[in-house]
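Peer 1: One structure, as structure tokens, below. Some questions next.
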Amino acid sequence: MSARRIFTRPARIAVLAPYLWMALFFLVPFGFVVKISLSQTAIAQPPYLPVFDLAAGWSAIKAAFVALSLDNFRLLVSDNLYVLSCLRSVIVASVSTAILLAIGYPIAYGMARLPKSWQPLAMMLVIVPFWTSFLIRIYAWINILQHDGLLNKILLALHVVAAPVVWLSTDTAMFVGIVYSYLPFMILPLYATLAKLQPSLLEAAADLGASPRRAFWLVTFPLSLPGVGAGVLLCFIPIVGEFVIPDLLAGSDSIMIGQTLWLEFFTNRDWPVASALAVVLLALLLLPLLIYERLQRRQLEGAQ
Amino acid sequence: MAARASRLTRFNIAALALGFAFLYLPIVILVIYSFNASKLVTVWGGWSLRWYGDFFNDQAMLAAAWMSLRVALVSATAATLLGTLAAVALSRGGHFRGRTLFSGMLYAPLVMPEVITGLSLLLLFVALDAERGFWTVTIAHTTLTMCFVAVVVQSRLGSLDRSLEEAAMDLGCDPVRAFFAATVPLIWPAVAAGWMLACALSLDDLVIASFTTGPGSATLPIRIYSEVRLGVKPEINAICTLIIGVVTLVIVAASLASKLSSARGESAAPL
């Protein structure tokens with residue numbers, strides 16, 4: 001019992017460095033985002049200045065102090081482009097998360113039913129693609145989906161289609177890319193809860209006359225719900241703000257909020273509107289983020 | 001009885017086979033085509049290493065790779081130090097003031113869209129009038145990856161048997177010494193795994209680096225991204241294959257290391 005208490009004081013001193021770091025580089029920056037999102041676009045963006053000119057940033061911040069206004073947010077609400085990109089982000093994220101759950105669950109379930117000695121290998125196989133670069137995995141799909149790529153070649157050879165199908169720059173390609181990139185994030189939390197399930201519960205259900213299918217829906221699935229929740233949040237939240245996958249795989253006729261932010265920042269060099277978009281995106285995600293944070297905390301600290 | 005519970009149905013086998021095929025086939029195809037002699041990416045022209053030669057002659061790409069490597073090594077090391085301290089504080093510090101805020105700040109970046117993190121850090125750097133380049137990207141990556149390190153180390157600390165720490169204290173160690181004598185040897189596989197994860201994440205990051213870097217100091221993903229936007233090029237296949245090779249080597253080394261430590265009676269680190 002003594003260790004727990006004696007460790008407390010040094011551990012509290014240990015917290016200082018990471019605490020200050022996160023406060024300075026995670027919390028304080030949000031203050032700047034909010035401040036700049038409230039500043040005047042015209043004042044904050046002097047013409048003829050390159051985007052990385054420090055003076056532009058300084059005046060943006062100074063402007064934020066003197067002239068706070070909600071103009072940027074009014075612009076976001078009044079312009080269809082922004083409203084539609086918000087809507088599209090939420091829809092894309094919901095659909096992708098549903099597909100991920102439908103694909104990821106059977107895989108995680110199969111993994112949990114593998115012989116115990118095989119399970120670490122299976123888990124490793126899921127994790128390895130997670131370690132390989134995100135960009136590389138998207139690029140691999142561009143290879144396959146391009147006009148004269150492998151997929152079209154196979155489809156033509158099998159006479160499924162008469163002419164090459166356009167895959168790139170479509171929503172289909174984007175969904176394939178998202179599902180491919182986020183699949184490990186869905187499988188791992190599902191597997192973690194399914195692997196912990198007591199086999200005796202299923203035996204009891206069988207003894208009481210439940211068919212395997214009924215036992216699954218009555219016992220396994222309800223008990224795996226924490227894993228479902230973690231997997232859904234782990235995928236949904238980042239997908240809403242996703243930039244790279246829609247940028248490289250989807251068409252340019254309708255864009256997601258992450259792309260809009262990128263465009264405003266890098267192409268239009270409109271920092272205040274980009275900041276306002278960041279605030280909106282954060283507001284959209286606040287509730288799922290809070291739920292996720294609670295789940296994560298309970299999982300990591302619950303045992304203690 | 002356990003045998004019945006773990007018996008695989010045909011459905012299970014099909015799900016696993018299709019799932020792993022889906023995860024691995026695209027990467028395998030990419031690797032194979034990197035050895036393609038033909039200039040056309042989609043036409044097979046025999047085996048060749050010419051695109052690897054092209055990469056090693058591409059000065060801009062090599063400079064970006066070197067920049068990425070330096071950022072990854074420095075930021076992963078800083079992130080491992082800070083993340084481990086954070087994990088120790090959360091699992092051994094009891095209920096200190098501001099704990100909820102602290103754990104919130106640590107867990108949020110794990111899922112926070114990168115455009116938000118990138119933009120907000122950039123605005124901070126601009127406000128601080130910092131020159132953007134190597135150090136700003138390194139600080140940004142440290143901030144992101146220390147959260148992953150903290151989670152990995154914290155889950156190891158949570159599953160640790162406290163009696164060893166207590167024994168060390170009973171034998172007269174002060175807390176700091178007990179920590180280094182009893183705790184550190186038990187959590188080092190997790191700390192090492194956290195360091196490698198931080199490295200991999202830093203090497204991988206495009207969005208945050210794009211926001212926080214300055215002119216003339218592009219990282220490898222930024223270079224690759226600008227090339228990929230222009231279409232598929234065989235040289236990119238070669239670079240990607242090299243990265244996959246390095247990452248696979250590191251993972252195999254890591255799993256061997258964690259097997260070695262688990263052979264000594266410790267369980268393997270997560271991730």
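Peer 1: So which residues in the stretch B:133-146 are small (Gly, Ala, Ser) and in a helix (DSSP H, G or I)?
Peer 2: B:Ala140
Peer 1: Can you name the residue in the stretch B:137-146 that is more than 7 Å from chain A (Cβ to nearest Cβ) and surrounded by 24 or more Cβ atoms within 10 Å (Cβ to Cβ) and, of all such residues, is nearest to B:Ala78 (Cα to Cα)? Steps first, please.
Peer 2: Taking the stretch B:137-146 first, the residues more than 7 Å from chain A (Cβ to nearest Cβ) are B:137-138, B:140-142, B:144-145.
Now restrict to residues that are surrounded by 24 or more Cβ atoms within 10 Å (Cβ to Cβ): B:137, B:140-142, B:144-145.
On the way: B:Val137: 13, B:Ala140: 11, B:His141: 10, B:Thr142: 6, B:Leu144: 11, B:Thr145: 9 Å.
Out of the qualifying residues, it is B:Thr142.
Peer 1: Give me the helices (runs of 4 or more DSSP H) completely within the stretch B:1-118, filtered to those with at least 2 residues that are of a type in the set (Lys, Arg) and under 19 Å from B:Ile244 (Cβ atoms), ordered by residue number. It would help to see each step written out before you state the result.
Peer 2: On the way: elements: B:2-5, B:10-34, B:50-57, B:59-92, B:99-111.
Qualifying helices (runs of 4 or more DSSP H): none found.
Residue by residue, here is whether (1) at pLDDT 75 or above; (2) aliphatic (A, V, I, L, M) holds:
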site	(1), (2)
A:Pro46	no, no
A:Ala63	no, yes
A:Ala93	yes, yes
A:Ser96	yes, no
A:Tyr105	yes, no
A:Leu125	yes, yes
A:Ser133	yes, no
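Peer 1: Within the stretch B:73-116, how many residues are more than 8 Å from chain A (Cβ to nearest Cβ) and buried (at least 24 other Cβ atoms within 10 Å of the Cβ)?
Peer 2: Of the residues in the stretch B:73-116, 6 are more than 8 Å from chain A (Cβ to nearest Cβ) and buried (at least 24 other Cβ atoms within 10 Å of the Cβ).
Peer 1: Okay, next question. Can you tell me how many residues in the stretch B:119-132 are part of a loop (DSSP other than H, G, I, E, B), over 14 Å from B:Ser210 (Cβ atoms) and either more than 8 Å from chain A (Cβ to nearest Cβ) or not acidic (Asp, Glu) (or both)? First the steps, then the outcome.
Peer 2: Let us first name the residues in the stretch B:119-132 that are part of a loop (DSSP other than H, G, I, E, B), namely B:128-132.
From the residues that got through so far, the ones that are over 14 Å from B:Ser210 (Cβ atoms) too are B:128-131.
Next cut, either more than 8 Å from chain A (Cβ to nearest Cβ) or not acidic (Asp, Glu) (or both) only: B:128, B:130-131.
Residues meeting the conditions: 3.
Peer 1: Which condition does B:Asp161 not pass, out of (1) more than 9 Å from chain A (Cβ to nearest Cβ); (2) free of Cβ contacts under 8 Å to residues at least 40 places away in the same chain; (3) among the charged types (D, E, K, R); (4) part of a helix (DSSP H, G or I), if it passes all the others?
Peer 2: Condition (4) is where B:Asp161 drops out.
Peer 1: From the list A:Pro226, A:Pro272, A:Pro246, A:Pro238, exactly one residue is surrounded by fewer than 19 Cβ atoms within 10 Å (Cβ to Cβ), within 30 Å of A:Leu87 (Cα to Cα) and either in contact (Cβ under 8 Å) with a residue 24 or more places away in the chain or within 9 Å of chain B (Cβ to nearest Cβ) (or both). Which is it?
Peer 2: A:Pro226
Peer 1: Right, B:Ile222: farther than 26 Å from B:Gly104 by Cβ, surrounded by 22 or more Cβ atoms within 10 Å (Cβ to Cβ) and facing chain A (nearest Cβ under 10 Å) or not?
Peer 2: Here the answer is no, as B:Ile222 does not meet what is asked.
Peer 1: Any chance the stretch B:232-246 includes a residue that's closer than 17 Å to A:Asp247 by Cβ and of a type in the set (Lys, Arg)?
Peer 2: Taking the stretch B:232-246 first, the residues closer than 17 Å to A:Asp247 by Cβ are B:232, B:236.
If we keep only those that are of a type in the set (Lys, Arg) as well, we get none.
Taking every residue of the stretch B:232-246 in turn, none turns out to be closer than 17 Å to A:Asp247 by Cβ and of a type in the set (Lys, Arg).
Peer 1: Something else about it: Just checking, does the stretch B:158-166 include any residue being crowded, with 20+ Cβ neighbours inside 10 Å, of a type outside the set (S, T, N, Q) and either at pLDDT 85 or above or over 27 Å from A:Gln296 (Cβ atoms) (or both)?
Peer 2: Of the stretch B:158-166, the ones crowded, with 20+ Cβ neighbours inside 10 Å are B:165.
Subset that is of a type outside the set (S, T, N, Q): B:165.
Now narrow it down to the ones that are either at pLDDT 85 or above or over 27 Å from A:Gln296 (Cβ atoms) (or both): none.
Checking the stretch B:158-166: not a single residue is crowded, with 20+ Cβ neighbours inside 10 Å, of a type outside the set (S, T, N, Q) and either at pLDDT 85 or above or over 27 Å from A:Gln296 (Cβ atoms) (or both).
Peer 1: Still on this structure, please answer the following. Could you identify the single residue in B:Val176, B:Val149, B:Val153 that is modelled with pLDDT under 85, closer than 23 Å to A:Leu20 by Cβ and assigned to a helix (DSSP H, G or I)? Give the derivation first.
Peer 2: On the way: B:Val149 fails: modelled with pLDDT under 85; B:Val153 fails: modelled with pLDDT under 85.
Being modelled with pLDDT under 85, closer than 23 Å to A:Leu20 by Cβ and assigned to a helix (DSSP H, G or I) holds for just one of B:Val176, B:Val149, B:Val153, which is B:Val176.
Peer 1: Starting from residues that are within 7 Å of chain B (Cβ to nearest Cβ) and more than 20 Å from the chain's Cα centre (by Cα), keep the ones in the stretch A:117-139 and report whichever is farthest from A:Thr170 (Cα to Cα).
Peer 2: In this case the residue turns out to be A:Met124.
Peer 1: While we're looking at this one, here's another question. Taking the condition of being among the polar types (S, T, N, Q) and in a helix (DSSP H, G or I), how many residues in the stretch A:210-253 meet it?
Peer 2: Adding up the residues that qualify gives 1.
Peer 1: Please work out if A:Ala206 is surrounded by 15 or more Cβ atoms within 10 Å (Cβ to Cβ) and modelled with pLDDT under 85.
Peer 2: yes
Peer 1: If we scan the stretch B:224-239, do we find a residue that is part of a helix (DSSP H, G or I), among the acidic types (Asp, Glu), in contact with a helix residue (DSSP H, G or I) (Cβ under 7 Å, 6 or more places away or on another chain) and at pLDDT 85 or above?
Peer 2: Within the stretch B:224-239 (the criterion being part of a helix (DSSP H, G or I), among the acidic types (Asp, Glu), in contact with a helix residue (DSSP H, G or I) (Cβ under 7 Å, 6 or more places away or on another chain) and at pLDDT 85 or above), the answer is yes, since at least one residue qualifies.
The values are calculated or read from the model by the stated rules, or taken from the named source; none is laboratory data. Values in this document were obtained by computation on a predicted structure and should not be read as measured data. Please note: Cβ atoms are built from the backbone with ideal geometry, for glycine as well, and neighbour counts cover all protein chains shown.
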